[in-house]
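Chemist: Got a structure here, written out as structure tokens. Questions coming.
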Amino acid sequence: MIVAKSFFPVTMFRTSLVLLVSHFALTGFAAASSEFEKRCLAFEPERYIKGATRNVLQHVPAGTNLTFPDNDATCGRASQNVSVGLCRMALEIKTTRTSKISFEAWFPEDWSGRFLATGNGGIDGCIKYEDIAYGASNGFASVGANNGHNGTTGVAYLDNPEMVVDFAWRSLHLSVETGKALAKEFYGKYHTKSYYLGCSLGGRQGIKSAERFPDDFDGIVAGAPGVDFNNLISWRAHFYTITGPIKGSDFISKAAWQTWIHDEVLRQCDTIDKVKDGIIEDPTLCKFDPTNLLCGHNITNTTNCLNDNQVQQVQKIFSDYRFPNGELIYPAMQPGSEINAVDKLYAGAPFAYSDDWFKYVVYNDPTWNASEYGYDDAQAAQDLNPGDIRTYPSSLPGFKESGGKLLMYHGQQDNQITSFNTNRFYEHLRGNNTYAEMDEWTRFFRISGMFHCSTGPGAWVLGQGGNAAQAGIPSDAQHNVLAAMVDWVEKGVAPEFIEGTKFMNDTVKSGVDFTRRHCKYPARNTFVGGSYKKPESWECRA
Ligand code: CA
């Protein structure tokens, strides 16, 4: 893993120091490490935090493959490579009499003075060790938590409303307070600036924090934010009622979605941006018409075709989801995402997160049946708003006035949360303000060709988290969203675009395939000639 340099002066100093002394004074560095190790092992984090008990205190040398034998298997995180030396502390902290969080703080030996909190995903209780490690490797005193329960399912929410409050906002806020206090005790001084990094549910957590605890962060990087959460859950539940079960006579197969339906989407929309590259730069311009695929519609279309019912299914999927009175529940799925959306949302089975949320949170009734989902369920979720989880502020006055900066990004082929909702949320937040006024504190970048938070055919590597590919890109504000946020907060230099990187086969060592500059909303990428793989062949235009 390459250590970030441009937004991490301490590491640069340390790196050159190591190079300088390595010939003749290696033992001196070893002694310094051992001093850090001693300080780490002598630290008593539980002393400073009310309701805390210690699970782990360990010194982690650089290059360790850290294992988590007790971690819930559904989280899929049995181990984590750690590239820098750090002190790891894991605590259990009570949030109420009946609820608690598992908290992790990873404090690097080479501390930049910055603090970073990381988010979660889905409806889960999974600590994103990769994001904590990413933060620590870039010099941040980094924290994360399990959001109140372990594993990816929602079963534990049954009869446990306090756990839902932890999930909605309390776990993150407590982690921030705990992490900041521990950093001060551990390093002997206050952090300089406080940051947040999260995607999906994690994007929502960041925005909730800005709404409810405007002083927790100076800079929030919120990817694919799952805002308007109750309606997001309902939107995801409604696909099963459109597709029906996998054995139904009109069920559209996964193969169909991934081949000829996706091909038709691209045929209609790929070249709106003038470049046939399998990437739709701005899917709001794609008005996909599935009637072209109707059986018998044209003579070339006799086998790979849809019947009337199937055409209607596709039309519904790509339409806004509304109550019968016209009120919007959630915006349409954006075309282009179907190759992955079919895995979960159109799979002909209840979507697990929605199913669990209705069963164990909204109704507290495991017998609730996803195949009978309807408008009354969407209304019930909205009305209950469990744990105040909605997260759909029309302004963030406290955050804005204290100088907070919000950077949102969203993959334009997102297969789990339609990116159209972030366009909508940005405009909701903007209200009567001009785009220039918004630019002062909130910027939104649309990442073409990116699926949910990462991967996809586009230039999707942008420093958004602990994926291994992040190590292959320059750690500067142009290429890395976290570095961009640091420059914005600390130098007042705000990003105009984010230049994403696509590696060949998504493998760093295979080299860069292309990069592309993703535009700040509402501008969109416009091809201006030359090789489409060169960033200068595109311009962001309103
Ligand atoms: Ca294109």
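The values are calculated or read from the model by the stated rules, or taken from the named source; none is laboratory data. None of these values were measured; they are calculated from a predicted model. Here the Cβ is made from the backbone with ideal geometry for all residues, glycine too, and neighbour counts use every protein chain on show. Quick note on the areas: whole protein, heavy atoms, side chains included, nothing else; ligands and nucleic acids left out. Shrake-Rupley method; radii C 1.70, N 1.55, O 1.52, S 1.80 Å.
Quick grid of which residues meet (1) more than 21 Å from the chain's Cα centre (by Cα); (2) touching a residue at least 60 places away in the same chain (Cβ under 8 Å); (3) away from the ligand (no atom under 15 Å from the Cβ):
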| residue | (1), (2), (3) |
| --- | --- |
| 447 | no, yes, no |
| 463 | no, no, yes |
| 467 | no, yes, yes |
| 497 | no, no, yes |
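Chemist: Please identify the pairs in which a residue from segment 516-527 that is within 19 Å of residue 424 (Cβ to Cβ) has its Cβ atom under 7 Å from the Cβ atom of a residue that is surrounded by fewer than 18 Cβ atoms within 10 Å (Cβ to Cβ) and of a type in the set (Gly, Ala, Ser), counting only partners at least 6 apart or on another chain.
Modeler: That search, which allows pairs on different chains as well, returns 522/542; 523/542.
Chemist: Residues that are at negative phi, open to solvent by 50 Å² or more (accessible area, probe 1.4 Å) and modelled with pLDDT under 95: which strands (runs of 3 or more DSSP E) entirely in segment 490-536 hold 2 or more of them?
Modeler: none
Chemist: Mind listing whichever residues of segment 269-284 are open to solvent by less than 50 Å² (accessible area, probe 1.4 Å), within 11 Å of the ligand (Cβ to nearest atom) and either modelled with pLDDT under 95 or not charged (D, E, K, R) (or both)? First the steps, then the outcome.
Modeler: Applying the first criterion (open to solvent by less than 50 Å² (accessible area, probe 1.4 Å)) to segment 269-284 yields 269-270, 273, 275, 277-284.
From what is left, the residues that are within 11 Å of the ligand (Cβ to nearest atom) are 269-270, 273, 275, 277-283.
Answer for segment 269-284, where residues must be open to solvent by less than 50 Å² (accessible area, probe 1.4 Å), within 11 Å of the ligand (Cβ to nearest atom) and either modelled with pLDDT under 95 or not charged (D, E, K, R) (or both): 269, 275, 278, 279, 280, 283.
Chemist: So, one more: Among the residues of segment 431-448, write down those that are open to solvent by less than 50 Å² (accessible area, probe 1.4 Å) and out of contact with any Lys or Arg (no Cβ under 8 Å at 6 or more places or on another chain).
Modeler: 431, 447 - these are the residues of segment 431-448 that are open to solvent by less than 50 Å² (accessible area, probe 1.4 Å) and out of contact with any Lys or Arg (no Cβ under 8 Å at 6 or more places or on another chain).
Chemist: How about segment 149-172: which of its residues are open to solvent by less than 30 Å² (accessible area, probe 1.4 Å) and either aromatic (Phe, Trp, Tyr) or closer than 29 Å to residue 462 by Cα (or both)?
Modeler: 151, 157, 167, 168, 171, 172
Chemist: Going through 266, 306 one at a time, which residue ends up being over 26 Å from residue 514 (Cα atoms), open to solvent by less than 50 Å² (accessible area, probe 1.4 Å) and either more than 16 Å from the ligand (Cβ to nearest atom) or touching a residue at least 60 places away in the same chain (Cβ under 8 Å) (or both)? If you could, list the steps in order and put the result at the bottom.
Modeler: Numbers: 266 fails: over 26 Å from residue 514 (Cα atoms).
Step by step, each of 266, 306 is checked, and only 306 is over 26 Å from residue 514 (Cα atoms), open to solvent by less than 50 Å² (accessible area, probe 1.4 Å) and either more than 16 Å from the ligand (Cβ to nearest atom) or touching a residue at least 60 places away in the same chain (Cβ under 8 Å) (or both).
Chemist: State yes or no: is residue 111 at pLDDT 95 or above and more than 22 Å from residue 69 (Cα to Cα)?
Modeler: Spelling it out, residue 111 is indeed at pLDDT 95 or above and more than 22 Å from residue 69 (Cα to Cα).
Chemist: Within the bounds of segment 232-242, is there any residue that is modelled with pLDDT of 95 or more, open to solvent by less than 30 Å² (accessible area, probe 1.4 Å), more than 16 Å from the ligand (Cβ to nearest atom) and in contact with a Lys or Arg (Cβ under 6 Å, 6 or more places away or on another chain)?
Modeler: Yes, segment 232-242 contains a residue that is modelled with pLDDT of 95 or more, open to solvent by less than 30 Å² (accessible area, probe 1.4 Å), more than 16 Å from the ligand (Cβ to nearest atom) and in contact with a Lys or Arg (Cβ under 6 Å, 6 or more places away or on another chain).
Chemist: To continue, here is another question. From the list 393, 350, which residue is in a loop (DSSP other than H, G, I, E, B), open to solvent by less than 40 Å² (accessible area, probe 1.4 Å) and touching a residue at least 24 places away in the same chain (Cβ under 8 Å)?
Modeler: Going through 393, 350 in turn, the sole match is 393.
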